[in-house]
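Visitor: One structure is given below, represented as structure tokens, and several questions about it will come after.
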Amino acid sequence: GDSVTQMEGPVTLSEEAFLTINCTYTATGYPSLFWYVQYPGEGLQLLLKATKADDKGSNKGFEATYRKETTSFHLEKGSVQVSDSAVYFCALSDYGGSQGNLIFGKGTKLSVKP
Amino acid sequence: EADIYQTPRYLVIGTGKKITLECSQTMGHDKMYWYQQDPGMELHLIHYSYGVNSTEKGDLSSESTVSRIRTEHFPLTLESARPSHTSQYLCASSKIPQGEYETQYFGPGTRLLVL
């Protein structure tokens with residue numbers, strides 16, 4: 001079945017450091033890919049998305065590119081801030097394999113120190 | 001900003017009690033979901049609904065039940081709470097998409113502690 005694998009945390013960085021959170025997927029069809037973020041004490045919110053191969057999603061300085069050849073959707077940010085401290089979830093949606101529901105990775109906790 | 005609400009935000013209750021977690025959305029979304037989030041942060045889909053009078057079980061077996069009598073309302077009920085039900089419960093909603101993907105909007109969650 002469909003699945004998402006993302007790097008385990010926690011990840012601790014200093015402010016202004018470069019961030020990469022790896023995400024790879026397995027899907028039966030042609031999924032859409034997402035990054036969601038969960039700030040402390042809150043629900044999840046969509047950070048960015050990409051719906052087809054080579055698409056780049058971007059938001060708030062974060063970027064991720066849909067790489068079909070490597071089945072990956074790695075999240076990057078050039079300079080993190082303390083306010084980016086949160087849990088990040090990679091997810092896919094595939095009508096062929098998941099009835100259109102989201103399949104989430106296990107989440108990566110990011111802590112940014114001043 | 002998403003308009004999806006959950007009450008209560010926190011609940012501490014004794015074993016054997018019946019509880020209902022409320023979820024409402026004002027976006028007119030047809031599809032709604034309940035997730036259970038364990039302390040390790042992993043999300044598990046336990047129920048979803050395509051619309052009024054539709055309920056489906058998710059990937060994780062759950063002793064909870066849901067109902068969908070109104071589009072905007074998707075309550076989750078535990079008939080007899082147990083300590084193993086202690087978790088965070090997240091509600092979400094989405095439009096049934098025309099295309100291939102759906103953006104889900106999440107509520108703030110209910111933290112349940114069963115003693």
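Visitor: Taking the stated definitions as given, is B:LEU78 more than 10 Å from every other protein chain (Cβ to nearest Cβ) and closer than 29 Å to A:GLY9 by Cα?
Guide: no
Visitor: Does B:SER80 fit the bill of being touching a residue at least 24 places away in the same chain (Cβ under 8 Å) and closer than 25 Å to A:LYS106 by Cα?
Guide: No: the conditions fail for B:SER80.
Visitor: Give the stretch A:88-114 a look and list any residue that's over 10 Å from the mean Cα position of the chain (by Cα), within 14 Å of chain B (Cβ to nearest Cβ) and part of a strand (DSSP E or B), or say none.
Guide: A:SER93, A:LEU102, A:ILE103, A:LYS109, A:LEU110, A:SER111 - these are the residues of the stretch A:88-114 that are over 10 Å from the mean Cα position of the chain (by Cα), within 14 Å of chain B (Cβ to nearest Cβ) and part of a strand (DSSP E or B).
Visitor: In the list B:GLU63, B:GLU42, B:GLU56, which residue meets the criterion of being in contact with a Lys or Arg (Cβ under 9 Å, 6 or more places away or on another chain), closer than 21 Å to A:LEU44 by Cβ and modelled with pLDDT under 95?
Guide: Sole residue among the options that is in contact with a Lys or Arg (Cβ under 9 Å, 6 or more places away or on another chain), closer than 21 Å to A:LEU44 by Cβ and modelled with pLDDT under 95: B:GLU42.
Visitor: Further question on the same structure: State whether one or more residues within the stretch B:65-76 are buried (at least 19 other Cβ atoms within 10 Å of the Cβ) and of a type in the set (Ser, Thr, Tyr).
Guide: Within the stretch B:65-76, none of the residues are buried (at least 19 other Cβ atoms within 10 Å of the Cβ) and of a type in the set (Ser, Thr, Tyr).
Visitor: Where in the stretch B:1-69 are the strands (runs of 3 or more DSSP E), entirely inside, with at least 3 residues that are more than 9 Å from chain A (Cβ to nearest Cβ)?
Guide: B:10-13, B:19-25, B:31-37, B:43-49
Visitor: Filter the stretch A:16-48 for residues that are within 11 Å of the chain's Cα centre (by Cα) and part of a loop (DSSP other than H, G, I, E, B) and give the result.
Guide: A:ASN22
Visitor: Another question, if that's okay. If I ask for residues that are touching a strand residue (DSSP E or B) at 6+ places or on another chain (Cβ under 9 Å) and within 15 Å of A:ILE103 (Cβ to Cβ), which ones from the stretch A:15-45 would you list?
Guide: The answer is A:CYS23, A:THR24, A:TYR25, A:THR26, A:ALA27, A:PRO31, A:SER32, A:LEU33, A:PHE34, A:TRP35, A:TYR36, A:LEU44.
Visitor: Of all residues in the stretch A:49-85 being within 11 Å of chain B (Cβ to nearest Cβ) and outside any loop (DSSP other than H, G, I, E, B), which is surrounded by the most Cβ atoms within 10 Å (Cβ to Cβ)?
Guide: By that ranking, first place goes to A:ALA50.
The values are calculated or read from the model by the stated rules, or taken from the named source; none is laboratory data. Values in this document were obtained by computation on a predicted structure and should not be read as measured data. Because the Cβ atoms are built from the backbone with ideal geometry, glycine has one as well, and the counts that use them run over all protein chains shown.
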